[in-house]
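Read-outs throughout are calculated quantities, based only on the coordinates presented, and are distinct from any laboratory measurement. This one's a predicted model, so the numbers in the text were calculated from it and none came from an experiment. Note that each Cβ is placed from the backbone with ideal geometry, even for glycine, and that neighbours are counted across all protein chains shown.
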Amino acid sequence: MSFSMTGYGQSSLQFGGYKITFEVKSVNNRYCEVVLRMPRGWTVYEDMLRRKVQQRVKRGRVDVIINREIAEEAAATALNRSAVRSYLEAAEALRSEFGISGELSLPELLSLPGVMELKEEAADGLSAATPDEFSDMLEQGLEESLASLLEMRAREGQYLAADMLRRIDRLQELHRGMVKLAPEAVLEYREKLRQRLSGLSDGTFPFDEHKFGMEIAIFADRCNIDEELTRLQSHFGQCRALLQGREPAGRKLDFLVQEMNRETNTIGMKCSHLTLVNLTLEIKAELEKIREQAANLE
């Protein structure tokens, strides 16, 4: 199965009175690069988390963001007495200095900003956890977010692989056209050369069939593309096997595309047959599209 290098996954869990959230994002990269961002006191677990990611992701830049926030059920409200005194003193000043009448009711006072505050009581829950419990919690949360990430990468990878397989079908169609036309290139050259020599002949020199045959043989040897066509066919099969296999295929596909481009360039330099030259241009255009897609694969 082919995997894309781009994806996103997230998860969350409750631990020690806190809600711990895990966010994992991946983008294209030549190698596997893992970047972790988490509360400063948790960096002791960084190596363990990085190894966990590298076990599941073989290629791409992966950003892992771990945050914590106090869970609602672990948060209690507390009265901010200094804020209450400030509001009451301000109300008294309004009455005495500006002659404004009225009284603050209890509901109105409680609804004012800063009067009631959240009191964090979850810290004791985190500090009470053993290192092993805390490590297991981080590993579990990361594993869940990685599963979501890999699911998205797999879906995207299937689309990329399907597109490349269609393009390989097109390459094989063009390849069959080349196989059919390759012998015709020599025949066409022979006829054109014979016509040219006939047009130049004024009867003062004899036509040498032996030398003519040697010239055709040299041309046939120089423009022979059997080896290149055979290697291209082999590369097509290798590309299919990679796209339908379970191992990371991106870098190997990139190498195979380079090899197929090299074989196609050689064919183009050897052949002057117009239709063959046009086929090489079509093949190079398809190979460029495959190369762009392969750059997104793990």
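Computed from label points 7 Å out along Cα-Cβ, the spacing between A83 and V179 is 8.0 nm.
Fully extended, how many nm does the chain gain between T130 and R246 (0.36 nm per residue separation, minus their Cα-Cα distance)? Intermediate values should be presented prior to the final figure.
On the way: separation 116, 0.36 × 116 = 41.76 nm, distance 3.86 nm.
Taking T130 through R246 to full extension adds about 37.9 nm, to one decimal.
Let's see if you can work this out: charge +1 on each Lys and Arg Cβ, -1 on each Asp and Glu Cβ, no other charges. What is the dipole magnitude of the stretch 1-117 about its Cα centre, in debye to the nearest 20? Spell out each step's value before the answer.
Numbers: 16 positive and 14 negative charges, 272 e Å.
Computed charge dipole of the stretch 1-117: roughly 1300 debye.
The modelled label-to-label distance for the pair N265/L165, using points 7 Å beyond Cα in the direction of Cβ, is 3.1 nm. A simple spin-label model places pseudo-atoms 7 Å from Cα toward Cβ; at V27 and S12 they are separated by 2.5 nm.
Extension gain, Q55 to A91: 0.36 nm times the residue separation minus the Cα-Cα distance gives 6.6 nm.
Each residue of the stretch 18-29 was assigned a 3J(HN,Hα) from its phi angle through the Karplus curve 6.51 cos²θ - 1.76 cosθ + 1.60 (θ = phi - 60°); the sequence is 10, 9, 9, 10, 10, 10, 10, 10, 9, 9, 5, 7 Hz, with glycine and proline shown as x.
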